[in-house]
Amino acid sequence: MKVIETPLSGVVVLEPTILRDARGFFMETYHARKYAEFGITETFVQDNHSHSVRGTLRGLHYQRDHPQAKLCRVVQGEVFDVCVDLRQGSPTFGQWYGTVLSAENARQIFVPAGFAHGFQVLSETADFLYKCSDFYVSGDERGIAWNDVNIAIAWKFEIEPLLSEKDRHNPNLSEIALQDLPFFTEAV
């Protein structure tokens, strides 16, 4: 497995080893001991599967009191996956990172707790799978505006994004009270 460091502390892109032959392919999509060697030691408690159509933007979401680390991958289609550092005191607070995840490249991204996360569907449809380190709590979910000009994410839209009603009304990061944001803690 190849691990690609990103400019954001704790965010890594993983490229699994794929064994291919005439029958198809085989790859490990998660192995706790191997992932721990790369600093991913979270216990994942929930798996989610999202199916979306071209132009859909899901996010940018986070949970305040039950922050979730996420291990994300695409099993059909292609997405532009984005995370934004929301950790107060982090040297990269308010900065974003994005990468293309697809069934073809088999890449994964690990997004630590304390980040907002979202993705944009680039293919006709996409099946997006992700593991979470804490359970979804509906009353704890928060969001930031996908088009916050101070964050300036370089989305890849050719058409107006397809958003949920909730995501249409997410505030800019500068409008969120500090008590509604996570704190940065150095990895030990």
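Exactly one condition in (1) out of contact with any Lys or Arg (no Cβ under 9 Å at 6 or more places or on another chain); (2) at pLDDT 95 or above is false for Ser123; which is it?
If we test Ser123 against (1) out of contact with any Lys or Arg (no Cβ under 9 Å at 6 or more places or on another chain); (2) at pLDDT 95 or above, just (1) comes out false.
Show the residue pairs meeting these rules: Cβ distance below 7 Å; 6+ apart or different chains; first residue within the range 67-94 and hydroxyl-bearing (Ser, Thr, Tyr); second residue buried (at least 24 other Cβ atoms within 10 Å of the Cβ).
That search, which allows pairs on different chains as well, returns Thr92/Asp85.
For residues that are within 14 Å of Tyr62 (Cα to Cα) and touching a Pro at 6+ places or on another chain (Cβ under 9 Å), scanning just the range 89-120, find the one that is surrounded by the most Cβ atoms within 10 Å (Cβ to Cβ).
Phe115
Here is a list: Arg168, Arg73. Which entry is among the charged types (D, E, K, R) and either closer than 25 Å to Tyr30 by Cβ or in contact with a His (Cβ under 8 Å, 6 or more places away or on another chain) (or both)?
Arg73
List the pairs whose first member sits in the range 15-39 and is modelled with pLDDT of 95 or more, whose second member is among the basic types (Lys, Arg) and assigned to a loop (DSSP other than H, G, I, E, B), and whose Cβ atoms are under 6 Å apart, counting only residues at least 6 apart or on separate chains?
Once the first residue is modelled with pLDDT of 95 or more and sits in the range 15-39, its partners that are among the basic types (Lys, Arg) and assigned to a loop (DSSP other than H, G, I, E, B) give Glu15/Arg107.
Considering only the range 61-75, state which residues are outside any strand (DSSP E or B) and either surrounded by fewer than 24 Cβ atoms within 10 Å (Cβ to Cβ) or at pLDDT below 95 (or both). Walk me through how you get there before you give the answer.
From the range 61-75, those outside any strand (DSSP E or B) are 64-69; that's our starting set.
Hits for the range 61-75 are Arg64, Asp65, His66, Pro67, Ala69.
Looking only at the range 158-171, decide whether some residue is more than 18 Å from Ser52 (Cβ to Cβ) and buried (at least 19 other Cβ atoms within 10 Å of the Cβ). Before the answer, list the steps.
Kept after step one, since they are more than 18 Å from Ser52 (Cβ to Cβ), are these residues of the range 158-171: 169, 171.
Among the residues that remain, those that are also buried (at least 19 other Cβ atoms within 10 Å of the Cβ) are: none.
No.
Taking only pairs six or more apart or across chains, which ones have beta-carbon atoms under 8 Å, a first residue in the range 167-182 that is on the phi < 0 side of the Ramachandran plot, and a second residue that is in a loop (DSSP other than H, G, I, E, B) and of a type in the set (D, E, K, R)?
Close Cβ pairs (under 8 Å, with a partner that is in a loop (DSSP other than H, G, I, E, B) and of a type in the set (D, E, K, R)) amount to Asn172/Asp148; Leu173/Asp148; Ser174/Asp148; Asp180/Arg64; Leu181/Arg64; Leu181/Arg87; Pro182/Arg64; Pro182/Arg87.
Of all residues being modelled with pLDDT of 95 or more and assigned to a loop (DSSP other than H, G, I, E, B) in the range 172-188, which is surrounded by the most Cβ atoms within 10 Å (Cβ to Cβ)? Just the residue, please.
Ile176
For the subset of the range 125-153 comprising residues that are part of a loop (DSSP other than H, G, I, E, B) and of a type in the set (Asp, Glu), which member is farthest from Phe115 (Cα to Cα)?
By that ranking, first place goes to Asp148.
Conditions tested, residue by residue: (1) out of contact with any strand residue (DSSP E or B) (no Cβ under 7 Å at 6 or more places or on another chain); (2) at pLDDT 95 or above.
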position	(1), (2)
Phe128	no, yes
Ser138	yes, no
Glu141	no, no
Ile151	no, yes
Glu158	yes, no
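What are the residues in the range 16-40 that are within 23 Å of Thr92 (Cβ to Cβ) and surrounded by 14 or more Cβ atoms within 10 Å (Cβ to Cβ), if any? Let's see the steps before the verdict.
Taking the range 16-40 first, the residues within 23 Å of Thr92 (Cβ to Cβ) are 35, 38-40.
Scanning the range 16-40 gives Tyr35, Ile40.
The values are calculated or read from the model by the stated rules, or taken from the named source; none is laboratory data. Treat the numbers as computed from the prediction; the structure is a model and nothing was measured. Backbone-built Cβ (ideal geometry, glycine too); neighbour counts: all protein chains shown.
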